[in-house]
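One structure is given here, and the rest of the page talks about it.
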Amino acid sequence: MRLRAGPEDMPAGWGIATLLGLAYLAEGIAADRLLEGAETAPRSLISVSMQFLVIAGLLAARRMSVRLPQTITALAGTGLIFGALSILLVMQAEAGKAQPLLALIWLAMFAWSLLVDAHVYRRALSITMSLGILVAVLLFGLNFILIEALFPA
């Protein structure tokens, strides 16, 4: 979260990666339900799966697949923290009322989340921070396009 540790500092086994990955998915479903109020499990499942599959593909392409459990642990762990903060922010929102400070906090948290993801990608893939940011932004965009295409409003 503070851009000091990397995925290599996480436990190497699949146990914690699986546990955190499932918790991250469950929290995503809960957060989507708070925002949308509808059945959002398929959307959350696709979103989380896409993120994990793309990073698995990138690690495989760089012959670094051994880093996958630690990378998933780092992404899911930080995603859980950002998800909890997002839920707290949503609970503060009042429908129909302009809340510029809340919007600013939301925007700052979104930027921080992208930066943390970029840091994880940078360390996992052994790339520069600029490329890590590019990966994070491209994954966000791909995820947005995929979700909008599969679940139009």
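Of note:
- With respect to the chain, whose longest principal axis is taken over its alpha-carbon atoms, helix 14-36 is tilted by about 20°.
- For the chain, a Gaussian network of Cα nodes joined below 10 Å ranks ALA136, ALA30, ALA103 by mean-square fluctuation, and the top entry is ALA103.
- Karplus-derived HN-Hα couplings along the range 68-83 (A = 6.51, B = -1.76, C = 1.60, θ = phi - 60°), whole Hz, x at Gly and Pro: 4, x, 5, 5, 5, 4, 5, 5, 5, x, 5, x, 4, 5, 5, x
- Only Lys, Arg (+1) and Asp, Glu (-1) charged, at Cβ; the chain dipole about Cα centre in debye: 520
- The C-alpha atoms of the chain define a longest principal axis, and helix 41-61 lies at about 20 degrees to it.
- Placing dummy labels 7 Å off each Cα toward the beta-carbon, the span from LEU85 to ALA23 is 1.7 nm.
- In this simple spin-label model, placing a label point 7 Å from the Cα along the Cα-to-Cβ direction at both VAL137 and ALA5 gives a separation of 2.9 nm.
- At full extension, ALA61 and MET109 could sit 14.2 nm farther apart than now, given 0.36 nm per residue minus the alpha carbon distance.
- For the options ALA23, ALA93, ALA124, a Gaussian network treatment of the chain with springs between C-alpha atoms closer than 10 Å singles out ALA93 as fluctuating the most.
- Tilt relative to the chain, helix 100-125 - C-alpha long axis, 0 to 90 degrees, to 10: 10
- [x] 43, 36, 36; [y] 56, 39, 26; [z] 50, 29, 27, with the label sought being that of the calculated Cα extents along the principal axes in Å: [z]
Only the coordinates and a few stated rules stand behind these numbers; no lab work does. Not measured: the values here are computed from a predicted model. Cβ atoms come from the backbone with ideal geometry, glycine included; neighbour counts cover every protein chain shown.
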